[in-house]
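Following: one structure in structure tokens, then a few remarks.
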Amino acid sequence: MTLKSIWVDYCENGSIHGLRHVIQKDEKPLNRFMWILLLIVASIAIVVLVSASWEKYSYSSMEIAVDDPRYPLTKIDFPAVTICPISKIIYSKALKLVLNKHPSDSDLRTRWTNSLMILARIQFPHNTNLYYMLQNASLVNIPLDDISDIMLKLAPSIDDIFIKCFWRGVTYKCKDILRFQRTEEGFCYSFNSQTAERSTSNESNFNPPFVGSDGVLIPLRNNAAGKETGLKLIMSNMSHEFFPTDNRRRGFYVMVHPPDGFPDVATAYKIHAVRDRITLISVSAAQVEADESLDRLDSWNSQCYLYKAKAKNLSSLLHKSSNEDTCFIKCRMRAIYKACNCTQYFFKLFKGLGSHCGIEHIPCLIANDILQRNPKTTEDEPGFPEWSVPFSMNCSCRPPCSFITYTTELRYEIRQLINEEPSSSRYNVFLEVNYRELYATSYRRSMRYTTQDLLVSFGGVASLFLGCSLVSIVEILYVIYKSALVFAKKLYNNYQLNNDPA
């Protein structure tokens, strides 16, 4: 069998249209030329259309579709709730630790008071307000290495803030279900937060989230909705623990956020101590899950971030995370360090992030307050003329591909008094965080142009122009294989002939 006979046999009996007309002996030359030209044009069309399909596949956009409008709550993590007191310093602690040490020096006592009050008001995104406190105020430059430790000792503790804590209607010790949380608002306390501080010395069997057998933190979940079905906190207004000159309304900042992310203080609710008021935060949950089709994306060029953090301890801001809020907090922290060579006292110091910010750094914090509110946009994005974004920081924070989002609604109710209840309790802060509905909404994010679409496109184009199929490709490969064997045998015979001793 020769190479010519193999290919003639294939052209006569193969499944590709038109080949048999090219090799027919009785075919006129003009007709044969027309068939060859037609095959060439068809082949070029296939290459062009297949290339277009591949480009569409490689740069396909994403789509999000409703997967289940009544997704069970049991499959959704209950949100983390972070509470930050408006007053960052307990006045009685300040008297005991600092102020009463200078009873005979009223000037030094005043300077310490001013300095502590200013440090307690360092917070994103309101550092600009410190400008008015600095005017004509005599201050003490506290050693930078001591600031965080001093502010931590003066901060309200769980026992100072929380009177009673309930989860799903059952009373628990507040220290057993709340954890210390570092935020841009200062030192706070969180329920169900994977980013809160963890300490092996005071761990309880109740304090969420729990550490699973594989080391992954597991937040609490809930399968009920409505009043008294979630988290309920009774908090002291701490009115007697404000500085005498502090005229701010008593109360707390409350943030409801995903358990795997640091709380974004810019979205916090400010809840004031109002007589006989109950504050209710109703939560609706939605989950967006990434389809397997997204796995083929380049992690650096994709429209969303595929990584999902599963670390045992997420309390470090430097941990790898897909949470967008955590990314922006990191970005702001680095922007402050780059501009002021310091890190705010409520964050831990990490290598390469300077010292803690002190009194001397406050003018720099004020000057860069606007910078922290404005992430940089791409240069070709319309609607952002240069004058409209005078300061911006380069964050490069992509949204996650899979995430849980919580939509909250704040409302108030009048509390019904209980007989023989002390009058002092009428100004306590009552807070409830519950699910609004008995179900969540589940969405699925997938590629608009899938691998299946690509294969169908390839097959359709090849079949339309040449009648090719997957079997046709195997057939061609088989013919090539047979041709290679014949060619190799011919080379071997020639070699044997040329090297025959006779």
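Worth pointing out:
- Relative protection proxy for 173-180, 465-472, from highest mean packing down: 173-180, 465-472 (other beta-carbon atoms within 10 angstrom).
- Every pair of different Cα atoms in region 206-289 enters the Kirkwood calculation, which places the hydrodynamic radius at 16.2 Å.
- On Cα atoms only, tilt of 3-13 relative to the major axis of the chain in degrees: 80
- Among the GluC sites (Glu not before Pro) within region 355-446, those in coil by DSSP and having at most 14 neighbouring Cβ atoms inside 10 Å are Glu379, Glu420, Glu437.
- Relative to the longest principal axis of the Cα atoms of the chain, the long axis of helix 144-154 lies at roughly 70 degrees.
- The convex hull around the C-alpha trace of the chain, projected and averaged over every direction, spans 40.9 square nanometres.
- For region 359-398, taking Cα atoms only, Rg and Dmax work out to 12.5, 40 Å respectively.
- On Cα atoms only, tilt of 106-119 relative to the major axis of the chain in degrees: 30
- Orientation-averaged projected area, Cα convex hull of region 59-166 (nm²): 13.8
- All Cα pairs of region 142-205, percent lying beyond 16 Å: 54
- Karplus-derived 3J(HN,Hα), 6.51/-1.76/1.60, for each residue of region 243-260, Hz, glycine and proline x: 4, x, 8, 8, 9, 5, 5, 6, x, 9, 9, 10, 10, 10, 8, x, x, 8
- Cα-based convex hull, region 374-472, per residue volume (Å³, whole number): 296
- Couplings 3J(HN,Hα) of region 335-343, computed from phi: 5, 5, 5, 5, 7, 10, 6, 7, 10 Hz, in residue order, whole Hz [Karplus 6.51 cos²θ - 1.76 cosθ + 1.60, θ = phi - 60°; x for Gly and Pro].
- Rg(Cα)/(2.2 N^0.38 Å) for region 1-136, N = residue count: 2.96
- Compared with the direct C-alpha span, the chain from Ala484 to Phe210 gains 92.3 nm at full extension, assuming 0.36 nm per residue.
- In the full protein context, the chain carries 55 Å² of accessible surface per residue, based on a 1.4 Å probe and ignoring ligands, DNA and RNA.
- Between Asp380 and Glu292, the simple spin-label model (points 7 angstrom out along Cα→Cβ) gives 3.5 nm.
- In straight-distance terms, cross-link reach from Lys489 covers every one of the aspartates and glutamates whose alpha-carbon lies under 20 Å from its own, apart from those fewer than eight places away in the same chain; here that gives Asp9, Asp500.
- Set of aspartates and glutamates with alpha-carbon distance to Lys232 below 19 Å, sequence-local pairs under 8 removed: Asp77, Asp159, Asp160, Asp176, Asp276, Glu409, Glu413, Glu421, Glu432, Glu437
- Using a simple spin-label model with pseudo-atoms 7 Å out from Cα toward Cβ, Thr245 and Gln135 lie 1.4 nm apart.
- For Glu63, solvent-accessible area (1.4 Å; no DNA, RNA or ligand), Å²: 70
- Of all DSSP beta bridges in the chain, antiparallel share, percent nearest 5: 80
- Heavy atoms of His257: accessible area, 1.4 Å probe, square angstrom to 10: 10
- Average projection area in nm² (convex hull over Cα atoms of region 422-479, one quarter of hull surface): 9.4
- Backbone HN-Hα couplings from phi across region 380-393 [Karplus 6.51/-1.76/1.60, Hz, Gly and Pro as x]: 8, 7, x, x, 10, x, 4, 5, 7, 10, x, 10, 7, 10
- Computed over the alpha-carbon atoms, region 154-275 gives an Rg to Rh ratio of 0.96, Rh here being the Kirkwood radius from the mean inverse distance.
- Inverse mean reciprocal Cα-Cα distance (Kirkwood Rh) of region 1-75, Å: 16.9
- Excluding same-chain neighbours fewer than eight residues apart, the aspartates and glutamates reachable from Lys4 by a Cα-Cα span under 14 Å are Glu12.
- Cα-derived Rg over Rh, computed across region 316-419 with Rh taken as Kirkwood radius: 1.12
- Dividing the summed helix terms, -39500 (n - 2.57) for each DSSP H run of n ≥ 4, by the number of residues in the chain produces a 222 nm estimate of -10000 deg cm²/dmol to the nearest 500.
- Computed FRET value (nearest 0.05) for Arg373 with Val47, which takes r as the C-beta separation and R₀ as 51 Å: 0.50
The values are calculated or read from the model by the stated rules, or taken from the named source; none is laboratory data. Quick caveat: nothing in here was measured; it's all calculated off a predicted structure. Glycine gets a Cβ as well: all are built from the backbone with ideal geometry, and neighbour counts include every protein chain shown. Side chains are part of the model used for accessible areas, which takes the heavy atoms of the whole protein and leaves out ligands, DNA and RNA. Shrake-Rupley method; radii C 1.70, N 1.55, O 1.52, S 1.80 Å.
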